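The values are calculated or read from the model by the stated rules, or taken from the named source; none is laboratory data. Computed from a prediction, not measured in an experiment: that's the story for all the values here. Here the Cβ is made from the backbone with ideal geometry for all residues, glycine too, and neighbour counts use every protein chain on show. In case anyone asks, the SASA skips ligands and DNA or RNA and just uses the protein heavy atoms, side chains included. Shrake-Rupley method; radii C 1.70, N 1.55, O 1.52, S 1.80 Å.
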Amino acid sequence: MKARDVMTSPAVSVGPDTPFKEIVAILVEKRISAVPVVDEEVRVIGLVSEADLLAKEEERPRPRFRLLSLLTSGPEEVAERTSRAEGLVARDLMTPAVVTVDEETDVKEVARTLSKHGIKRVPVTRNGKLVGIVSRSDVLKVFLRRDEEIRQEILEDVLPRKLLVDPRSVHVDVRDGVVTLRGMVDRKSTRDVVEHFIERLDGVVGVVNELEFELDDSRLKPASPPRSW
């Protein structure tokens, strides 16, 4: 499953000159917590979140606290916060250099991106232009995939086509996204590869691997290389 399969599209966006109050109205009306900022070519140049907007209230000029802020945060950080607090349009309020993903990005990679950067949502692009947005809740939709759909993919695609394993030799049971495998395969390495592939399928929560094998090839010693004279 790709980002395009779970994203919200079309994505709500604003231009760099969108006023503060208009951005607030959009967030409230659409019930979203952030909005991408795009240029004339619909390329993402930033993101304005509720936190960015709240900075205006939090950082109102309070002269007696400025010295304390400089001592605890440093001049550059204070200057950035002050600049946002004084911002009137999106370009002054936004967080620049936003992380984005392509629409063909695998959902699991999208999840890793969200986790790695500690963000709640990520804009989705096609040829560099905004086409949607994926949130954490969108990524979780993958796990709503029906058990029977997962089972059919394993029996009709993963085993016979990708792994060249006879599906008649493997009993597959899927309940609440947990796949249980029973039966017999030729080698231990085959058993491990089957588990590896299945646990990465969309909607799979876990794999209980009870497959037996005829040969434990993990104990076989590799052939010695021929001597060179």
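In this structure, the amide hydrogen of Thr125, modeled 1.01 Å from its nitrogen in the peptide plane, lies closer than 5 angstrom to those of Val101, Asp102, Glu103, Val131, counting only residues at least 5 positions away or on a different chain.
Each residue of the range 17-27 was assigned a 3J(HN,Hα) from its phi angle through the Karplus expression (A = 6.51, B = -1.76, C = 1.60, θ = phi - 60°), giving 9, 5, x, 3, 5, 5, 5, 4, 4, 5, 4 Hz with x at Gly and Pro. Under the simplified labelling scheme, the Thr95-Arg31 pair shows an inter-label distance of 2.4 nm, with each label point 7 Å from Cα along Cα→Cβ.
Ranked by solvent-accessible area (1.4 Å probe, protein heavy atoms only, all chains present), the residues Leu54, Leu88, Leu114 order from largest to smallest as Leu88, Leu54, Leu114. Over all other residues within a Cβ to Cβ distance under 14 Å of Val28, the charged ones net out to 0, with Lys and Arg as +1 and Asp and Glu as -1.
Amide hydrogen proximity for Thr18: with H placed 1.01 Å from N in the peptide plane, the residues at 5 or more positions away or on another chain lying under 5 Å are Ala90, Arg91. On full extension, the segment bounded by Glu210 and Glu22 gains 61.9 nm, given 0.36 nm per residue less the C-alpha separation. In a simple Cβ point-charge model (Lys, Arg +1; Asp, Glu -1; nothing else charged), the range 84-194 has a dipole of about 280 debye relative to its Cα centre. What's the local net charge at Arg187, with K and R +1, D and E -1, over the other residues with C-beta under 12 Å away? With Lys, Arg at +1 and Asp, Glu at -1, the neighbours total -3. Ranked from largest to smallest solvent-accessible area, with a 1.4 Å probe on the protein heavy atoms, Leu220, Leu53 come out as Leu220, Leu53.
Each residue of the range 199-208 is assigned a 3J(HN,Hα), and the resulting list reads 5, 9, 6, 4, x, 7, 8, x, 10, 9 Hz, derived from the Karplus form 6.51 cos²θ - 1.76 cosθ + 1.60 (θ = phi - 60°), x at Gly and Pro.
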